[in-house]
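Enquirer: Below is a structure I'd like to ask you about.
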Amino acid sequence: MIVKKLKLGALFTLCLGVSVSQAQKSYLIKNVNIIDGTGTPEQKESDVLIHGKYIAEVGKNLPATGAEVIDGKGKTVMPALISTHVHIGSLKGLTNKAENYTRDNILSQLNKYQSYGVEDILVMGSDRPLMFESGLRDSSAVGLLPGAKIFSAGYGFGLPAGAPPVEFAMDNVYRPTDPDQIPSEMDSLVKLNPFVVKLWVDDFNGKYKAKMSPVIYKKIIEEAHKRNLRVAAHVYYLNDLRNLVNDGVDIIGHSVRDSIIDDATIAEMKAKNVTYIPTLSLDEFAYIYSRKPEWVNNEFFKASLEPGVYEMITSKAYQDKIGKAPGHERDKKAFETALKNLKKVYDAGIFVSFGTDSGAMPLRAQGFSEHLELQLMTEAGLTPIEAIKVATLNAATLLHIEKETGSIQKGKLANFILVDGNPARKIKDTRKIDEVWKNGEIVSHGPLSK
């Protein structure tokens with residue numbers, strides 16, 4: 001860890017009654033590898049100059065000119081991660097309940113995401129009134145809260161006695177039974193100023209007898225578009241993907257897992273500029289605990305878990321339960337299909353964004369899931385540079401913040417991670433977090449820092 005000293009100018013400013021954070025501090029990180037998030041090859045042994053909240057220059061042999069110099073040899077700078085499919089607030093310990101949704105729990109989870117280098121999150125339809133009535137979302141949006149910045153889909157749309165599960169604190173979800181209900185429900189949602197509209201089209205592998213009908217989700221998409229809102233859909237089955245794309249859905253929030261997506265559907269997705277968020281880690285978590293995955297005893301993983309989860313997933317009883325579950329082989333096959341579909345979608349030039357569904361249940365650990373997702377994307381066939389672009393600049397583009405963050409470029413906010421090693425060569429090096437920077441300041445030394 002590099003110890004930074006307060007400069008005399010900043011000390012003088014502080015004496016005048018202005019906080020250090022208000023002063024225009026400058027840093028020069030020298031001799032560091034740079035993965036800039038744009039998809040271009042890494043820049044080796046280069047420099048990053050930071051002035052105030054912004055990146056002032058990127059290049060080689062930059063002059064210090066009064067900046068505090070940081071030796072980045074052996075390290076890599078990459079943009080902070082941006083996760084465009086998460087859930088927050090209701091997860092606590094081994095439970096996901098409405099009573100867990102408190103200000104303190106939300107703030108704790110925002111800080112956890114940030115400690116893992118995730119600085120912007122899109123909560124996909126599971127927020128509760130506290131988020132809006134208390135001003136939490138609005139305070140986060142203008143930087144008044146610590147931790148990751150919140151983007152919210154408000155309350156999603158589901159099916160009565162169907163997805164999403166009410167028992168997972170999803171009791172605020174709209175569940176229309178008639179298309180005529182949807183305009184007024186959409187008007188109610190619009191008052192929350194949601195970033196997108198979320199809907200669920202899934203039977204959760206037969207758990208529910210029915211899925212949302214096409215007449216309902218077509219009306220949801222139509223009403224959302226009238227109000228200039230994009231629609232993100234939870235899907236599993238290829239046939240539902242086809243119908244949703246045909247009806248104008250904007251974002252697919254999960255991988256298709258029952259079949260390989262056919263070429264005609266791929267072509268229609270591309271023609272209609274549909275975004276695809278694969279959430280591969282979700283699908284690995286669904287079956288992997290029938291054994292002990294190679295990362296299960298890693299402290300970087302363990303630090304992301306809620307109390308009691310590690311003990312549960314490493315017990316023989318739990319592993320036997322998962323291994324003997326009727327859907328175990330189906331879930332393994334679904335994961336393999338998801339990997340193939342991501343590669344096919346990506347190679348076709350469809351826009352891919354980054355998300356994990358972390359926080360939806362105890363197994364989907366907030367923070368670690370995002371780093372695992374990067375690894376799984378490379379296992380699907382993307383290069384590390386491509387996977388990092390998806391998790392940074394692509395995700396920023398989906399959130400319409402690409403002009404201010406998402407890449408290491410002059411004029412953008414100094415929001416980045418400094419890691420030991422080089423993720424361009426070994427993607428797991430993203431887990432070797434030395435520093436997390438936000439708006440030109442170090443906000444964390446990673447989840448393992450004391």
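Enquirer: In segment 218-248, whose amide N lies under 15 Å from the spot 7 Å out along Cα-to-Cβ of His400? List them in ranges.
Expert: Once the point is set 7 Å along Cα→Cβ of His400, 224-232 turn out to lie under 15 Å by backbone N, inside segment 218-248.
Enquirer: Please work out the Cα center distance from segment 184-199 to segment 328-368, rounded to the nearest Å.
Expert: 26 Å
Enquirer: Taking 0.36 nm per residue of sequence separation and subtracting the Cα-Cα distance, how much length would be gained by fully extending the chain between Lys207 and Lys44, in nm to one decimal?
Expert: Net length gain for the segment: 53.6 nm.
Enquirer: From the cross-link list Lys53/Lys226; Lys191/Lys344; Lys211/Lys272; Lys73/Lys198, which pairs have alpha carbons spaced over 32 Å apart?
Expert: Lys53/Lys226; Lys191/Lys344; Lys73/Lys198
Enquirer: Would you mind pulling out the separation of the Cα centroids of segment 27-98 and segment 263-326, in Å?
Expert: Using only Cα atoms, the two centres lie 27 Å from each other.
Enquirer: Something else now. 222 nm [θ] for the chain, helices only, -39500 (n - 2.57) per DSSP H run of 4+, per residue, to 500?
Expert: -8500 deg cm²/dmol
Enquirer: Please work out whether segment 81-398 counts as rounded, prolate or oblate from its C-alpha gyration tensor, where a ≥ b ≥ c are the square roots of the eigenvalues and a/c under 1.5 means rounded, while otherwise a/b larger than b/c means prolate and anything else oblate?
Expert: Because its axes are fairly even, with a/c under 1.5, segment 81-398 counts as rounded.
Enquirer: So which trypsin sites (Lys or Arg not before Pro) in segment 160-220 are both in a DSSP loop and have at most 11 other Cβ atoms within 10 Å of their Cβ?
Expert: Lys191, Lys207, Lys209
Enquirer: Relative contact order of segment 81-398: what whole-number percent is it, with Cα pairs under 8 angstrom and at least 6 residues apart?
Expert: 21 percent.
Coordinate-derived values only; no laboratory data. This structure is a prediction, so every number in the text was calculated from the model and none was measured. Glycine gets a Cβ as well: all are built from the backbone with ideal geometry, and neighbour counts include every protein chain shown.
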